[in-house]
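One structure is given here, and the rest of the page talks about it.
The values are calculated or read from the model by the stated rules, or taken from the named source; none is laboratory data. Everything numeric here is computed off the predicted structure, so don't read it as measured data. Virtual Cβ from ideal backbone geometry, glycine too; neighbours counted across all protein chains shown.
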Amino acid sequence: MIIDSIQAAIGHTPMLRFTHHHFTEIPEGSAIYAKLEYLNPGGSIKDRLGTYLIKEGMAQGKIKEGTTIIEPTAGNTGIGVALAALEAGLSTIFVVPEKFSLEKQALMTALGAKIVDTPTSEGISGAIAEAKRLHAEISDSYLPLQFENPANPAAYYQSLAPELMEDLGGDITSFVAGIGSGGTFSGVARYLLERDPSIRLIGVEPEGSILNGGESHGHEIEGIGVEFIPAFLEGLPISGFATISDGDGFAMTRKLAREHGTLIGSSSGAAMVAALAEVVKLPVGSRVVTIFPDAGDRYLSKDIYSREEY
Ligand code: PMP
């Protein structure tokens, strides 16, 4: 395959099928399908969002030549936006809570971005506030703000969701996916429900996130978990939220690497734990779709595959 831009390598990722043969708890005849989004060129599902945000910003006249893009991010959205901004000749500043992995920050820097760290104790809300402050200070800057921008779910409604439907020939029992901004989950869910309203929706969060009513506290699984309920989820008929402990999420992440060769991050491990819990509840023949959002090598400094406490 010859391409003329790295952007053309985004999307059309493989779908890995897991059956009883891979995980004995999956009933014979049922399957879990994991969309391997870590195989996007920037290493995550957020490459799709980066491309879309820059395209939308340009179409709406919010981005012109010389505009600086500013965005609060755990890292993957920054990498995706930086990839798209590079091609458009735009500069980027990303505001990142300092707890997030050094590798993601190094990758954003490698793509020419400037990083501003905010205190871990202020969470993503602190990064959002700092990004808004910078936006007000820097003239000709654009703040896509993935946490509020309808372009976020729209990116997944338009690119990822049709691929899932096509991959599965339209036959999906449940959609199980992690929730950070909620863009992936809500964009995909709306598309799927328009085609088949019987599809069950299961949101995945780490312990320390509040979707199941738990108390907000820190967690080690990166990329998912919320301090407030994302507005994108409003009105969605969600069947339930799966709250996954760091221990279970990391253990599954390690197992997926060692036994199945998928070098994915901890939000993928958490999604797989939730997908397994879902598939055992369903009738034989069910098809559970989940997402592996990013690559694990961006968490090596956090000993993602070698922590024996998990
Ligand atoms: N997993 C990882 C590793 C992520 O970086 C993100 C985005 N923060 C997600 C899952 C969740 O995606 P979304 O923001 O679309 O809910």
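Here are a few things to note about the model shown:
- The lone exception for residue 71 - which of (1) in the same structural domain as residue 168 (by TED's automatic domain parsing); (2) of a type in the set (D, E, K, R); (3) within 16 Å of the ligand (Cβ to nearest atom) it fails: (1)
- Of the residues making up segment 189-204, those that are closer than 23 Å to residue 49 by Cα and free of Cβ contacts under 8 Å to residues at least 40 places away in the same chain are 191, 192, 194, 195, 201, 203.
- Selection within segment 272-289 - of a type in the set (D, E, K, R) and assigned to a loop (DSSP other than H, G, I, E, B): 281
- Residue within segment 250-257 that is touching a residue at least 60 places away in the same chain (Cβ under 8 Å) and aromatic (Phe, Trp, Tyr) present: yes
- Subset of segment 15-32 [closer than 17 Å to residue 166 by Cβ and out of contact with any helix residue (DSSP H, G or I) (no Cβ under 7 Å at 6 or more places or on another chain)]: 16, 17, 31
- Residues of segment 102-131 classified as in contact with a helix residue (DSSP H, G or I) (Cβ under 8 Å, 6 or more places away or on another chain) and under 17 Å from residue 228 (Cβ atoms), total: 3
- Filtering 130, 166 for residues that are among the acidic types (Asp, Glu) and surrounded by 15 or more Cβ atoms within 10 Å (Cβ to Cβ) leaves a single hit, 130.
- Note on segment 47-68: among residues that are in contact (Cβ under 8 Å) with a residue 60 or more places away in the chain and charged (D, E, K, R), the one that is farthest from the ligand (Cβ to nearest atom) is 64.
- Any chance residue 1 is surrounded by fewer than 23 Cβ atoms within 10 Å (Cβ to Cβ), assigned to a loop (DSSP other than H, G, I, E, B), of a type in the set (A, V, I, L, M) and outside the structural domain of residue 172 (by TED's automatic domain parsing): yes
- In segment 121-144, residue nearest to the ligand (Cβ to nearest atom) [restricted to those that are in a loop (DSSP other than H, G, I, E, B) and touching a residue at least 60 places away in the same chain (Cβ under 8 Å)]: 144
- Meets criteria (within 23 Å of residue 183 (Cβ to Cβ), within 16 Å of the ligand (Cβ to nearest atom) and assigned by TED's automatic domain parsing to the domain that holds residue 253) for residue 16: no
- Any chance residue 269 is crowded, with 21+ Cβ neighbours inside 10 Å and part of a loop (DSSP other than H, G, I, E, B): no
- Residue check for residue 116: touching a residue at least 24 places away in the same chain (Cβ under 8 Å), farther than 16 Å from residue 7 by Cβ and out of contact with any Gly (no Cβ under 7 Å at 6 or more places or on another chain): no
- Taking each residue of segment 276-300 that is within 13 Å of the ligand (Cβ to nearest atom) and looking for partners that are assigned to a loop (DSSP other than H, G, I, E, B) and of a type in the set (A, V, I, L, M) with beta-carbon atoms closer than 7 Å, six or more apart or interchain, yields 291/45; 293/45; 294/45; 295/263; 296/263; 296/304; 297/263.
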